[in-house]
Amino acid sequence: MHVLVMTVVHHPEDARILHRQIRALVDAGHEVTYAAPYTARGVVPRSWVNGVDLPRAAERRRFAAVRAARRLFKRLRDQVDLVLIHDPELLFAVVGMRRRPPVVWDVHEDTPATLSLKPWLPAPLRPPVRALARMLEGTAERHLHLLLAETAYAGRFRQAHLVVPNETWVPDTVTAPGDDRVVYLGWLSEARGVREAIEVARLLLPYRVVVELIGYADPQSRPLLNQAVAEGVLEWRDFMPNDEALKRLDGALAGLSLLRDEPNYRHSMPTKIVEYMAHGIPVITTPSPRAVELVERYHSGVVVPWQDAKAVAQAVIQLKTDERERRSQGARGYSAARANHHWPNSARRFVSQLEAWAGVKQ
(Lines give C-alpha, C1' and ligand atoms only; values in the text may rest on other atoms or scores of the structure.)
Protein backbone atom coordinates (compact mmCIF):
# COMPACT_ATOMS: atom_id res chain seq x y z
CA MET A 1 0.00 0.00 0.00
CA HIS A 2 1.25 3.48 -0.89
CA VAL A 3 -0.02 6.20 1.46
CA LEU A 4 0.24 9.95 0.93
CA VAL A 5 0.38 11.74 4.30
CA MET A 6 -0.06 15.53 4.27
CA THR A 7 0.18 18.34 6.81
CA VAL A 8 0.76 22.05 6.37
CA VAL A 9 0.20 23.03 10.01
CA HIS A 10 2.08 20.48 12.08
CA HIS A 11 5.84 20.20 12.41
CA PRO A 12 7.20 17.47 10.09
CA GLU A 13 8.59 15.73 13.20
CA ASP A 14 5.18 15.71 14.91
CA ALA A 15 5.08 12.75 17.28
CA ARG A 16 1.60 11.50 16.34
CA ILE A 17 2.09 11.85 12.59
CA LEU A 18 5.69 10.73 12.07
CA HIS A 19 6.82 8.76 15.09
CA ARG A 20 3.60 6.83 15.59
CA GLN A 21 1.39 6.62 12.52
CA ILE A 22 3.93 6.82 9.70
CA ARG A 23 6.38 4.62 11.57
CA ALA A 24 3.61 2.03 12.07
CA LEU A 25 2.84 2.06 8.34
CA VAL A 26 6.49 1.69 7.37
CA ASP A 27 7.06 -1.07 9.93
CA ALA A 28 4.09 -2.91 8.39
CA GLY A 29 5.82 -2.81 5.00
CA HIS A 30 3.90 0.04 3.37
CA GLU A 31 5.34 2.93 1.34
CA VAL A 32 4.74 6.46 2.62
CA THR A 33 5.06 9.78 0.83
CA TYR A 34 5.10 12.42 3.53
CA ALA A 35 4.32 15.98 2.42
CA ALA A 36 5.04 18.57 5.12
CA PRO A 37 6.63 22.03 5.60
CA TYR A 38 10.23 20.83 5.82
CA THR A 39 11.93 24.00 4.57
CA ALA A 40 9.75 26.30 6.65
CA ARG A 41 10.60 24.31 9.77
CA GLY A 42 14.28 23.85 8.94
CA VAL A 43 14.31 20.04 8.90
CA VAL A 44 14.89 17.33 6.31
CA PRO A 45 12.72 14.25 5.69
CA ARG A 46 13.57 11.01 7.44
CA SER A 47 15.27 8.46 5.21
CA TRP A 48 12.40 6.01 5.57
CA VAL A 49 9.77 8.24 3.88
CA ASN A 50 9.46 9.90 0.48
CA GLY A 51 9.58 13.52 1.58
CA VAL A 52 7.79 16.30 -0.33
CA ASP A 53 8.13 19.92 0.77
CA LEU A 54 4.99 22.04 1.26
CA PRO A 55 4.59 25.64 2.44
CA ARG A 56 3.64 26.17 6.05
CA ALA A 57 0.16 27.40 7.01
CA ALA A 58 0.57 29.85 9.88
CA GLU A 59 -1.79 32.39 11.41
CA ARG A 60 -3.57 34.17 8.52
CA ARG A 61 -1.17 32.90 5.86
CA ARG A 62 -2.83 29.64 4.82
CA PHE A 63 -4.11 29.91 1.26
CA ALA A 64 -0.76 29.26 -0.49
CA ALA A 65 -0.14 26.12 1.57
CA VAL A 66 -3.60 24.70 0.87
CA ARG A 67 -3.27 25.48 -2.83
CA ALA A 68 0.13 23.72 -2.99
CA ALA A 69 -1.31 20.70 -1.17
CA ARG A 70 -4.21 20.52 -3.64
CA ARG A 71 -1.79 20.59 -6.58
CA LEU A 72 0.24 17.80 -5.01
CA PHE A 73 -2.86 15.75 -4.30
CA LYS A 74 -4.01 16.14 -7.90
CA ARG A 75 -0.58 15.08 -9.19
CA LEU A 76 -0.24 11.99 -6.98
CA ARG A 77 -3.85 10.82 -6.69
CA ASP A 78 -3.40 8.07 -9.30
CA GLN A 79 -0.13 6.87 -7.74
CA VAL A 80 -1.28 6.27 -4.16
CA ASP A 81 -3.79 3.92 -2.59
CA LEU A 82 -4.89 6.22 0.24
CA VAL A 83 -4.41 9.78 1.48
CA LEU A 84 -4.13 10.70 5.17
CA ILE A 85 -4.54 14.38 6.08
CA HIS A 86 -3.93 15.96 9.49
CA ASP A 87 -5.23 19.53 9.25
CA PRO A 88 -8.80 20.84 8.81
CA GLU A 89 -7.36 23.32 6.30
CA LEU A 90 -6.51 20.41 4.01
CA LEU A 91 -10.18 19.55 3.64
CA PHE A 92 -10.19 22.36 1.06
CA ALA A 93 -7.38 20.53 -0.77
CA VAL A 94 -9.24 17.24 -1.20
CA VAL A 95 -13.01 17.77 -1.04
CA GLY A 96 -14.74 18.25 -4.38
CA MET A 97 -12.19 16.46 -6.53
CA ARG A 98 -14.09 13.91 -8.60
CA ARG A 99 -11.46 11.24 -9.10
CA ARG A 100 -9.50 10.44 -5.99
CA PRO A 101 -8.36 7.57 -3.78
CA PRO A 102 -9.86 7.12 -0.30
CA VAL A 103 -9.08 10.08 1.95
CA VAL A 104 -8.79 9.87 5.74
CA TRP A 105 -8.90 12.90 8.04
CA ASP A 106 -7.17 12.37 11.37
CA VAL A 107 -9.03 14.65 13.80
CA HIS A 108 -6.39 15.83 16.26
CA GLU A 109 -8.40 18.36 18.25
CA ASP A 110 -11.72 20.07 18.84
CA THR A 111 -11.38 22.48 15.93
CA PRO A 112 -14.19 24.92 16.90
CA ALA A 113 -12.94 25.09 20.49
CA THR A 114 -9.37 25.90 19.46
CA LEU A 115 -10.41 29.25 17.97
CA SER A 116 -10.33 30.89 21.41
CA LEU A 117 -6.60 30.08 21.52
CA LYS A 118 -5.71 31.86 18.26
CA PRO A 119 -4.69 35.48 19.02
CA TRP A 120 -4.31 36.23 15.31
CA LEU A 121 -8.05 35.65 14.74
CA PRO A 122 -10.07 38.79 15.66
CA ALA A 123 -12.81 38.11 18.21
CA PRO A 124 -15.66 39.27 15.89
CA LEU A 125 -14.60 36.66 13.31
CA ARG A 126 -14.55 33.73 15.71
CA PRO A 127 -18.30 32.92 15.67
CA PRO A 128 -18.54 32.72 11.84
CA VAL A 129 -15.26 30.81 11.60
CA ARG A 130 -16.51 28.43 14.30
CA ALA A 131 -19.68 27.86 12.27
CA LEU A 132 -17.57 27.22 9.16
CA ALA A 133 -15.48 24.70 11.09
CA ARG A 134 -18.60 22.79 12.14
CA MET A 135 -19.87 22.82 8.56
CA LEU A 136 -16.52 21.46 7.33
CA GLU A 137 -16.66 18.67 9.88
CA GLY A 138 -20.09 17.65 8.59
CA THR A 139 -18.88 17.73 4.99
CA ALA A 140 -15.83 15.66 5.89
CA GLU A 141 -17.94 13.04 7.63
CA ARG A 142 -20.16 12.65 4.58
CA HIS A 143 -17.34 12.35 2.04
CA LEU A 144 -14.21 11.10 3.85
CA HIS A 145 -13.12 8.53 6.41
CA LEU A 146 -12.39 9.87 9.90
CA LEU A 147 -10.04 8.90 12.71
CA LEU A 148 -10.38 10.53 16.15
CA ALA A 149 -7.57 11.23 18.60
CA GLU A 150 -9.98 11.36 21.56
CA THR A 151 -13.17 9.51 22.47
CA ALA A 152 -14.59 12.89 23.55
CA TYR A 153 -14.59 14.07 19.92
CA ALA A 154 -17.21 11.47 18.99
CA GLY A 155 -20.05 13.73 20.12
CA ARG A 156 -19.30 16.18 17.30
CA PHE A 157 -20.13 13.59 14.63
CA ARG A 158 -23.22 11.62 13.63
CA GLN A 159 -21.52 8.29 13.05
CA ALA A 160 -19.08 6.16 15.03
CA HIS A 161 -15.41 6.50 14.05
CA LEU A 162 -12.26 4.66 15.05
CA VAL A 163 -10.40 6.30 17.94
CA VAL A 164 -6.61 6.21 17.61
CA PRO A 165 -5.50 7.67 20.96
CA ASN A 166 -2.38 9.73 21.60
CA GLU A 167 -0.37 6.95 23.15
CA THR A 168 3.40 6.66 23.17
CA TRP A 169 6.26 4.20 22.84
CA VAL A 170 6.93 2.83 26.33
CA PRO A 171 10.53 1.63 26.76
CA ASP A 172 11.31 -1.80 28.17
CA THR A 173 13.11 -0.30 31.16
CA VAL A 174 13.35 3.18 32.69
CA THR A 175 15.64 5.14 34.99
CA ALA A 176 14.37 5.94 38.49
CA PRO A 177 13.40 9.61 38.94
CA GLY A 178 16.17 11.89 40.22
CA ASP A 179 15.95 14.94 42.48
CA ASP A 180 17.43 17.94 40.64
CA ARG A 181 15.54 18.48 37.34
CA VAL A 182 11.91 19.06 36.40
CA VAL A 183 10.89 18.77 32.73
CA TYR A 184 8.16 20.03 30.43
CA LEU A 185 7.74 18.53 26.96
CA GLY A 186 5.42 20.05 24.37
CA TRP A 187 4.19 23.24 22.72
CA LEU A 188 4.84 26.36 24.81
CA SER A 189 2.20 29.06 25.02
CA GLU A 190 0.39 31.13 27.61
CA ALA A 191 -2.61 28.79 27.51
CA ARG A 192 -0.26 25.87 28.16
CA GLY A 193 1.24 27.52 31.22
CA VAL A 194 4.48 29.08 30.01
CA ARG A 195 4.24 31.97 32.50
CA GLU A 196 3.59 29.56 35.36
CA ALA A 197 6.54 27.41 34.28
CA ILE A 198 8.87 30.42 34.38
CA GLU A 199 7.62 31.41 37.82
CA VAL A 200 8.02 27.82 39.07
CA ALA A 201 11.62 27.90 37.85
CA ARG A 202 12.27 31.09 39.83
CA LEU A 203 10.75 29.59 42.97
CA LEU A 204 12.86 26.43 42.68
CA LEU A 205 16.23 28.16 42.24
CA PRO A 206 17.00 28.16 45.99
CA TYR A 207 16.31 24.41 46.11
CA ARG A 208 18.79 23.62 43.31
CA VAL A 209 16.11 22.16 41.06
CA VAL A 210 16.41 23.09 37.38
CA VAL A 211 13.31 23.51 35.20
CA GLU A 212 13.97 22.26 31.67
CA LEU A 213 11.47 23.16 28.93
CA ILE A 214 11.51 21.25 25.64
CA GLY A 215 9.33 22.41 22.79
CA TYR A 216 8.46 25.03 20.21
CA ALA A 217 7.20 28.33 21.65
CA ASP A 218 4.62 30.56 20.00
CA PRO A 219 5.64 34.13 19.06
CA GLN A 220 4.11 35.58 22.24
CA SER A 221 6.09 33.23 24.50
CA ARG A 222 9.51 33.34 22.88
CA PRO A 223 10.58 36.73 24.34
CA LEU A 224 9.56 35.58 27.84
CA LEU A 225 11.58 32.40 27.50
CA ASN A 226 14.61 34.11 26.00
CA GLN A 227 14.65 36.55 28.91
CA ALA A 228 14.33 33.75 31.47
CA VAL A 229 17.20 31.85 29.86
CA ALA A 230 19.37 34.98 29.75
CA GLU A 231 18.73 35.48 33.49
CA GLY A 232 19.71 31.88 34.23
CA VAL A 233 16.23 31.03 35.51
CA LEU A 234 15.63 27.90 33.42
CA GLU A 235 16.78 25.83 30.46
CA TRP A 236 14.84 25.93 27.19
CA ARG A 237 15.79 23.53 24.43
CA ASP A 238 13.25 24.71 21.83
CA PHE A 239 11.88 22.07 19.45
CA MET A 240 13.48 18.62 19.44
CA PRO A 241 12.40 15.56 17.41
CA ASN A 242 10.17 13.41 19.59
CA ASP A 243 12.51 10.43 19.72
CA GLU A 244 15.29 12.70 20.99
CA ALA A 245 13.10 14.76 23.32
CA LEU A 246 11.74 11.69 25.11
CA LYS A 247 15.28 10.76 26.17
CA ARG A 248 15.43 14.00 28.16
CA LEU A 249 12.63 12.72 30.42
CA ASP A 250 14.73 9.89 31.81
CA GLY A 251 15.82 10.49 35.38
CA ALA A 252 13.88 13.74 35.88
CA LEU A 253 12.30 14.52 39.25
CA ALA A 254 8.87 15.14 37.68
CA GLY A 255 7.11 16.18 34.48
CA LEU A 256 4.92 19.29 34.28
CA SER A 257 1.57 19.73 32.54
CA LEU A 258 0.31 23.24 33.31
CA LEU A 259 -2.60 23.67 30.91
CA ARG A 260 -5.03 26.46 31.70
CA ASP A 261 -8.79 25.97 31.84
CA GLU A 262 -9.54 26.31 28.10
CA PRO A 263 -12.42 24.64 26.21
CA ASN A 264 -10.11 22.69 23.90
CA TYR A 265 -8.31 21.10 26.84
CA ARG A 266 -11.32 20.00 28.88
CA HIS A 267 -11.92 16.81 26.93
CA SER A 268 -8.39 16.05 25.73
CA MET A 269 -5.74 13.87 27.27
CA PRO A 270 -2.42 15.78 27.37
CA THR A 271 -0.05 13.39 25.59
CA LYS A 272 2.82 14.63 27.71
CA ILE A 273 1.25 13.03 30.80
CA VAL A 274 1.35 9.59 29.19
CA GLU A 275 4.93 10.30 28.04
CA TYR A 276 6.01 11.23 31.57
CA MET A 277 4.45 8.05 32.94
CA ALA A 278 6.05 5.99 30.18
CA HIS A 279 9.47 7.23 31.32
CA GLY A 280 8.85 6.52 34.98
CA ILE A 281 8.63 10.05 36.38
CA PRO A 282 5.85 11.57 38.54
CA VAL A 283 3.35 13.91 36.90
CA ILE A 284 2.42 17.36 38.21
CA THR A 285 -0.70 18.59 36.42
CA THR A 286 -3.42 21.18 36.58
CA PRO A 287 -6.96 19.79 37.03
CA SER A 288 -8.09 19.28 33.43
CA PRO A 289 -10.61 16.41 33.69
CA ARG A 290 -8.79 13.79 31.60
CA ALA A 291 -5.47 14.52 33.31
CA VAL A 292 -7.02 14.18 36.77
CA GLU A 293 -8.70 10.93 35.73
CA LEU A 294 -5.39 9.41 34.60
CA VAL A 295 -3.19 10.62 37.46
CA GLU A 296 -5.66 9.73 40.20
CA ARG A 297 -6.53 6.33 38.74
CA TYR A 298 -2.90 5.22 38.74
CA HIS A 299 -1.64 7.36 41.66
CA SER A 300 1.10 8.54 39.34
CA GLY A 301 1.41 12.18 40.31
CA VAL A 302 0.04 15.33 41.91
CA VAL A 303 -2.86 17.59 40.85
CA VAL A 304 -2.39 21.33 41.50
CA PRO A 305 -4.79 24.30 41.09
CA TRP A 306 -5.03 26.32 37.89
CA GLN A 307 -2.37 29.01 37.39
CA ASP A 308 -0.77 28.44 40.81
CA ALA A 309 3.01 28.44 40.47
CA LYS A 310 3.51 28.28 44.24
CA ALA A 311 1.49 25.07 44.47
CA VAL A 312 3.52 23.56 41.63
CA ALA A 313 6.80 24.49 43.29
CA GLN A 314 5.60 23.08 46.61
CA ALA A 315 4.67 19.78 44.91
CA VAL A 316 8.16 19.61 43.39
CA ILE A 317 9.82 20.30 46.74
CA GLN A 318 7.71 17.63 48.44
CA LEU A 319 8.70 15.05 45.82
CA LYS A 320 12.35 16.08 46.11
CA THR A 321 12.37 15.45 49.84
CA ASP A 322 10.37 12.19 49.67
CA GLU A 323 12.40 9.80 47.54
CA ARG A 324 10.20 6.83 48.34
CA GLU A 325 7.02 8.53 47.15
CA ARG A 326 8.79 9.95 44.10
CA ARG A 327 9.95 6.51 43.04
CA SER A 328 6.58 4.91 43.84
CA GLN A 329 4.65 7.40 41.71
CA GLY A 330 7.10 6.94 38.87
CA ALA A 331 6.91 3.16 39.06
CA ARG A 332 3.10 3.10 39.17
CA GLY A 333 2.89 5.45 36.20
CA TYR A 334 5.33 3.38 34.18
CA SER A 335 3.47 0.13 34.86
CA ALA A 336 0.16 1.72 33.86
CA ALA A 337 1.60 3.21 30.69
CA ARG A 338 3.19 -0.06 29.67
CA ALA A 339 -0.04 -1.99 30.22
CA ASN A 340 -2.58 0.50 28.87
CA HIS A 341 -0.97 3.22 26.74
CA HIS A 342 1.79 1.53 24.72
CA TRP A 343 1.48 2.74 21.10
CA PRO A 344 2.04 -0.65 19.38
CA ASN A 345 -1.27 -1.84 20.87
CA SER A 346 -3.16 0.82 18.87
CA ALA A 347 -0.77 0.78 15.90
CA ARG A 348 -2.08 -2.57 14.72
CA ARG A 349 -5.69 -1.34 14.66
CA PHE A 350 -4.64 1.87 12.92
CA VAL A 351 -2.76 0.09 10.12
CA SER A 352 -5.49 -2.54 9.66
CA GLN A 353 -8.16 0.13 9.30
CA LEU A 354 -6.19 2.03 6.66
CA GLU A 355 -5.56 -1.20 4.76
CA ALA A 356 -9.29 -1.93 4.81
CA TRP A 357 -10.20 1.54 3.53
CA ALA A 358 -7.59 1.22 0.77
CA GLY A 359 -8.93 -2.21 -0.22
CA VAL A 360 -5.61 -3.88 0.50
CA LYS A 361 -5.70 -7.59 1.31
CA GLN A 362 -4.27 -8.19 4.77
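Summary table below
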{"item": "On Cα atoms only, tilt of 126-143 relative to the major axis of the chain in degrees", "result": "60"}
{"item": "Nearest 10 degrees, 0 to 90: helix 323-340 Cα axis against the chain principal axis", "result": "20"}
{"item": "Two-site FRET efficiency, residue 324 against residue 47, from Cβ-Cβ distance with R₀ of 45 Å, rounded to 0.05", "result": "0.50"}
{"item": "Portion, in percent, of the accessible area of the range 1-92 that falls on carbon or sulfur, probe 1.4 Å", "result": "49"}
{"item": "Square roots of five times the Cα gyration tensor eigenvalues for the chain, Å", "result": "35, 23, 19"}
{"item": "Degrees, to the nearest 10: 194-204 long Cα axis against longest axis of the chain", "result": "20"}
{"item": "Cleavage-rule hits (GluC sites (Glu not before Pro)) in the range 1-91: DSSP loop, at most 15 neighbouring Cβ within 10 angstrom", "result": "59"}
{"item": "Length-normalised contact order of the range 158-243 in % [C-alpha pairs under 8 Å, at least 6 apart]", "result": "29"}
{"item": "Fraction of accessible area attributable to carbon and sulfur, the range 125-274 (%, probe 1.4 Å)", "result": "52"}
{"item": "Mean-position separation - Cα centroids, the range 213-236 and the range 43-66, in angstrom", "result": "25"}
{"item": "For residue 182, residues with placed amide H under 5 Å, excluding near neighbours", "result": "210, 211, 212, 253"}
{"item": "Average accessible surface area per residue within the range 251-362, 1.4 Å rolling probe, Å²", "result": "41"}
{"item": "Max mean-square fluctuation residue, GNM over the chain, Cα-Cα springs under 10 Å, options 165, 45, 219", "result": "219"}
{"item": "Choice from 205, 147, 249 showing the highest fluctuation, given a GNM over the chain with Cα pairs closer than 10 Å", "result": "205"}
{"item": "Label-point gap, in nm, between residue 335 and residue 135 - each point 7 angstrom along Cα→Cβ", "result": "5.4"}
{"item": "In range of the label at residue 208: residues from the range 251-277 whose backbone nitrogen is under 20 Å from the point 7 Å along Cα→Cβ", "result": "251-254"}
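The values are calculated or read from the model by the stated rules, or taken from the named source; none is laboratory data. All values reported here derive from a predicted model rather than from experimental measurement. All Cβ positions, glycine included, derive from the backbone under ideal geometry; neighbour counts span all protein chains shown. Surface areas here come from the heavy atoms of the whole protein model, side chains and all, with no ligands, DNA or RNA. Shrake-Rupley method; radii C 1.70, N 1.55, O 1.52, S 1.80 Å.
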